[in-house]
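Reading through the structure tokens given below for one structure.
The values are calculated or read from the model by the stated rules, or taken from the named source; none is laboratory data. Nothing here was measured: the structure is a model prediction, and the numbers come from that model. Note: ideal-geometry Cβ built from the backbone for every residue, glycine included; neighbour counts use all protein chains shown.
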Amino acid sequence: MSSQPNTAKHVAIIMDGNGRWAKRKHLPRAMGHRQGVEAVRKLVRSVEPMGIDCLTLYAFSSENWKRPEDEVGDLMNLLRKFIKSDLPEFIANDVRLKIIGDWKGLAPDIVAQLEDALEQTSKGSRILAVALNYGSQDEIVRAARRAADEGEVTADAIERHLDTADLPPLDLLIRTSGEVRLSNFLLWQCAYAEMAFVDVLWPDFTPEHLQQALDEFADRERRFGGR
């Protein structure tokens, strides 16, 4: 094992378990999503001292449109409120917002809010990437098509056209709620990322849980296909 501990600079999280959290507490699913937003706030505020340069969160997948209309509507309203309420804090704390996925397919008012937030945070040094209307297979197909338009389709060419092309390589992917699958999230980027599956529902996930995952990551030996 290397004598130098690994430091995770880019961490991605599949935020899973809002619905189950609400069900266990005999609350509406909407309350689970709202508590999930509070967990996001606490986490974003905690990452700087942990040495994380980029935090990527799976907020809304392209498959989530299959959920009941009222639940999707509540999620979209939460997104509107989150952008409006937290944008000043992002600016004050040098956070650059990055959106991945087909986010321009969202409601026009949300798109306008996001465009404004992207512009206002464009100079930030720490990155919060949010996956909205995102599906990794779709991302790879889009990137491959763009690579083909330019000429030869190679791994490097595809990577240049991924939504995450301007982000650092993914070091660690965390999924909450005890589920052990990727759910069409960052499939390409996870090729050599380390993974942690945490048996904690997302609304209960704290900065302490994140630090524990980082500590475990630091003890792993990363070989990237070598020996």
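For the reader, a short list of remarks on this structure follows.
- When A143, A147, A155 are screened for being surrounded by 21 or more Cβ atoms within 10 Å (Cβ to Cβ), at negative phi and at pLDDT 95 or above, only A143 passes.
- Of all the criteria given as (1) surrounded by fewer than 19 Cβ atoms within 10 Å (Cβ to Cβ); (2) touching a residue at least 12 places away in the same chain (Cβ under 8 Å); (3) over 25 Å from E139 (Cα atoms), the one not satisfied by H33 is (1).
- Filtering the stretch 48-59 to residues that are touching a helix residue (DSSP H, G or I) at 6+ places or on another chain (Cβ under 9 Å) and surrounded by fewer than 21 Cβ atoms within 10 Å (Cβ to Cβ) leaves M50, G51, L57.
- Odd one out for L75 among (1) out of contact with any His (no Cβ under 8 Å at 6 or more places or on another chain); (2) of a type in the set (A, V, I, L, M); (3) under 30 Å from M50 (Cα atoms): (1)
- Only residues that are under 21 Å from M15 (Cβ atoms) and either assigned to a helix (DSSP H, G or I) or of a type in the set (D, E, K, R) (or both) were counted in the stretch 119-152, giving 5.
- Filtered residues of the stretch 36-47 (kept if out of contact with any Lys or Arg (no Cβ under 9 Å at 6 or more places or on another chain) and either part of a loop (DSSP other than H, G, I, E, B) or buried (at least 17 other Cβ atoms within 10 Å of the Cβ) (or both)): G36, A39, V40, L43, V44
- Whichever residue in the stretch 31-54 is at pLDDT below 95 and among the small types (G, A, S) and, among such residues, is farthest from P68 (Cα to Cα): G51
- Scan of the stretch 185-203 for residues that are among the hydroxyl-bearing types (S, T, Y) and in a strand (DSSP E or B), ordered by number: none
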